[in-house]
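Data first, discussion second: the structure below is written as structure tokens.
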Amino acid sequence: MTWTITPARPDDADAIAALVAAAYTPYIARIGTEPGPMLDDYAAVIADHIVHVARDGEASGGTIGGPIRGVVVLIEKPDGTILFDNIAVAPGAQGSGLGRLLMDFAGAEAARRGYARLDPYTHQMMTENIEIYARRGYVETDRRTERGFPRVYM
């Protein structure tokens, strides 16, 4: 499969919110509430942070591929670090390598912006995410509760 990764546009907000809801809904039963990314206002997230989307197909002739299949959100922090805030892949694209591609893209984008490292985090009960980050070389650095969510920072 070929994907095109581009900066999110304001008119992508509803599609991003729907993708995030589909990707994170399976976690609701496990953690007992909607995960943090499901609560975000994606119009504001796009306006305030670094958001890229992955679409089916290649960009050509001014057209930007097909439907959104993935999203990555990076947040520049006042302390000079960049936070890997969210990555979501549409259920139909999970297991296809798109998540890996978005993680690689996030790292490259952080480096392009002059950051020495990218700091991901996840909900404590999303253990598969912790394992994915660990396999990619990330090491746990902190556990804390924010916005009512117990988080693992790496």
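The values are calculated or read from the model by the stated rules, or taken from the named source; none is laboratory data. From a predicted model like this one, the values you see are computed outputs, not experimental measurements. Virtual Cβ from ideal backbone geometry, glycine too; neighbours counted across all protein chains shown. In case anyone asks, the SASA skips ligands and DNA or RNA and just uses the protein heavy atoms, side chains included. Shrake-Rupley method; radii C 1.70, N 1.55, O 1.52, S 1.80 Å.
Of note:
- Flag for R135 being surrounded by fewer than 19 Cβ atoms within 10 Å (Cβ to Cβ) and modelled with pLDDT under 90: yes
Condition check ((1) at pLDDT below 85; (2) in a loop (DSSP other than H, G, I, E, B)) across all residues:
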| residue | (1), (2) |
| --- | --- |
| A44 | no, no |
| G66 | yes, yes |
| I75 | no, no |
| F84 | no, no |
| A108 | no, no |
| V139 | no, yes |
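- For the range 104-130, the tally of residues that are under 21 Å from Y27 (Cα atoms), free of Cβ contacts under 8 Å to residues at least 40 places away in the same chain and either in contact with a helix residue (DSSP H, G or I) (Cβ under 9 Å, 6 or more places away or on another chain) or surrounded by 11 or more Cβ atoms within 10 Å (Cβ to Cβ) (or both) stands at 7.
- All positions within the range 4-47 that are open to solvent by less than 50 Å² (accessible area, probe 1.4 Å), touching a helix residue (DSSP H, G or I) at 6+ places or on another chain (Cβ under 7 Å), aliphatic (A, V, I, L, M) and touching a residue at least 24 places away in the same chain (Cβ under 8 Å): I5, A8, A13, I16, A17, V20, A22, A23, I46
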